[in-house]
Amino acid sequence: MPGDYEPLFRPADSTGEATLRDVWTALWDGRRTILGTTAICLLLGFLWLLFATPQYTARLQVASASPSNDSQGLSQLAALLPGRQAEQAADPFAEYRVLLHSERLARHLNASQKLGQRVFPYDADGGGYYEPGGPVTWARAALRWIVGLPGWSPPDDAALAEYLQARIRVTDSGEARGIHTVEFVHPDRAFARDLLSWVNQGADAVLREAHRERAERYIAFLTRELQQEQNVETRAAMRALLLDQTRQRMMTNVDVGYGARIVDGPTVSPRPTSPSLGRTLLIALATGLGLGIVIVFVRAGVRRP
């Protein structure tokens, strides 16, 4: 009957399964559709490359600075003084990596470089942050209102920490063992290079200050306990630990990398690293082919038993 549904793929046998020949026939018959969707996706890819903002990648290669040995000394102190818990110091470079995405570093950068005013919309004349306009902002505001989320608020240290976490990446270099690469992507080449310098200096300053404060606390503790301790061997060990902590405090005042030392950089790519011509066209090609094939199969009315 004219109104009956008639699939393009006819079962090759009683199982009702389409053969490979039927599939190829459907693809060949729908080649114009596939070529059309591919051409449209490639055109969209070219338009994206034409209007997208070029992004540059800044890189800073660092290595772990000389590891601190205060963990071993403080473990000895805990063994000498039963009932007391000594704080165990982590590897300075591990702390450095954590600090790169921390709110503590964001607070330091806001205080020293006013970084929040550089990365978020800020009105210098009015002296305050503002929410940018546009369809995307309006859509976000409407979505927040619908789901009952709080409205926009000026970015704080936590917002800057989220910004750093989303855009700063630390990877292990495959070329040399112990070398790590810190990367940051931004449309402004100069700002990308400067931000890596600020982040590295800020993380080093925060880490240095934290270790200085820790050493001073232990120096005060050891000095106080030495005045009360009567055991000769314990006093000798405590003097050695006091000397070690004094050395640790002195090292925090040396103007060298404390958690990480710079091996190279920061450098910025001479050409944009994003969007990538090859990657964009490859994604557009794959999307166009896949979309075209799906449309052909839907039109063909492939039915599985």
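The values are calculated or read from the model by the stated rules, or taken from the named source; none is laboratory data. Being a predicted model, the structure only gives us computed values, none of them experimental. Neighbour counts run over all protein chains shown; Cβ positions are idealised from the backbone, glycine included. Each accessible area value is taken on the protein alone, full model and side chains, heavy atoms only, with ligands, DNA and RNA left out. Shrake-Rupley method; radii C 1.70, N 1.55, O 1.52, S 1.80 Å.
Some observations on this one:
- For ALA142, the requirement of being closer than 27 Å to VAL98 by Cα and part of a helix (DSSP H, G or I) is not met.
- Any hit, segment 188-207, residues being surrounded by 14 or more Cβ atoms within 10 Å (Cβ to Cβ), of a type outside the set (D, E, K, R), part of a strand (DSSP E or B) and within 28 Å of the chain's Cα centre (by Cα): no
- Taken as a whole, the structure leaves ARG118 outside the set of residues that are more than 30 Å from SER64 (Cβ to Cβ) and of a type outside the set (A, V, I, L, M, F, W, C).
- Evaluation of ARG224 against (1) part of a helix (DSSP H, G or I); (2) open to solvent by less than 70 Å² (accessible area, probe 1.4 Å) (one fails), failing number: (2)
- Top-ranked residue of segment 109-125 - restricted to ones that are open to solvent by less than 60 Å² (accessible area, probe 1.4 Å) and without any contact (Cβ under 8 Å) to a residue 60 or more places away in the chain, ranked as farthest from GLU162 (Cα to Cα): PRO121
- Selection within segment 40-59 - outside any helix (DSSP H, G or I) and open to solvent by 40 Å² or more (accessible area, probe 1.4 Å): THR53, PRO54, GLN55, TYR56, ARG59
- So GLY265, is it crowded, with 16+ Cβ neighbours inside 10 Å and not in a helix (DSSP H, G or I): yes
- Cβ-Cβ under 8 Å pairs, at least 6 apart or on other chains, segment 249-263 side within 15 Å of ARG97 (Cβ to Cβ), far side open to solvent by 60 Å² or more (accessible area, probe 1.4 Å): TYR258/MET251
- Qualifying residue in segment 244-260 (condition: hydrophobic (A, V, I, L, M, F, W, C), touching a strand residue (DSSP E or B) at 6+ places or on another chain (Cβ under 8 Å) and either farther than 19 Å from ALA65 by Cα or surrounded by 15 or more Cβ atoms within 10 Å (Cβ to Cβ) (or both)): yes
- Only listed residue being modelled with pLDDT under 85 and either within 30 Å of LEU160 (Cβ to Cβ) or exposed (fewer than 15 other Cβ atoms within 10 Å of the Cβ) (or both), chosen from ALA18, ALA12, ALA106, ALA26: ALA12
- Candidates ARG217, ARG193, ARG271, ARG208 - the one that is touching a Ser or Thr at 6+ places or on another chain (Cβ under 6 Å), modelled with pLDDT of 85 or more and more than 30 Å from ASP29 (Cβ to Cβ): ARG208
- Residue in segment 241-254 that is farther than 27 Å from PHE120 by Cβ, at pLDDT 85 or above and outside any helix (DSSP H, G or I) present: no
- Residue within segment 272-294 that is within 27 Å of VAL182 (Cβ to Cβ), assigned to a strand (DSSP E or B) and open to solvent by 30 Å² or more (accessible area, probe 1.4 Å) present: yes
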